[in-house]
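*Asks:* Below are the structure tokens for one structure; questions will follow.
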Amino acid sequence: MYKERHLVNEIEKYYDKKYDFILVDLPSVFNALVRSALYCSDYFLVPCIPDSFSAYCVGLIGEVLPMFINDWQQGKSRYINLNKYDKLILTKGQPKFAGWVFNGFETRKNKKTGVDKAQFERIKYVVEKSWLKV
């Protein structure tokens, strides 16, 4: 977590700019890198394409994320007991769902195809069902 903050500090120093948002593109697996990024993030976006697998995965993420947050809270409690001076850690591990990005539309004539629209509605339903609990 401190490495991520250090990286942001170095980038801001190098470019002599302050950033409001930093986007990190991660693989679509729940490995240690993805969990670390989630624990360090304030918000996250979920990209998906117009297919049934994306709808399934979006729902799965909505089901699995609360378990990762619970694991984080338990680990954080143990850490804080030994490191009461660390105030930064208290603000981490609570990423908020900022929405989803639907890409891969049929772009000819600037229209969605019937399949794209149907998948869009399916993913929208899954997001509303699964993510409003997060």
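*Asks:* Treating only the Cβ atoms of Lys and Arg (+1) and Asp and Glu (-1) as charged, compute the dipole magnitude of the stretch 2-131 about its Cα centre; round to the nearest 20 debye.
*Replies:* Dipole size: approximately 160 debye.
*Asks:* Using C-alpha positions alone, give me the convex hull volume of the stretch 2-131 per residue in cubic angstrom.
*Replies:* Output value, Cα hull per residue: 132 Å³.
*Asks:* Further, regarding this structure: Counting other beta carbons within 10 Å of each residue's own, what order do 12, 128 fall into, fewest first?
*Replies:* Fewest-to-most Cβ neighbours within 10 Å comes out as 128, 12.
Read-outs: derived from the displayed coordinates by stated rules, not from any lab. Computed from a prediction, not measured in an experiment: that's the story for all the values here. Note that we place each Cβ from the backbone using ideal geometry, even for glycine, and neighbour counts take in every protein chain shown.
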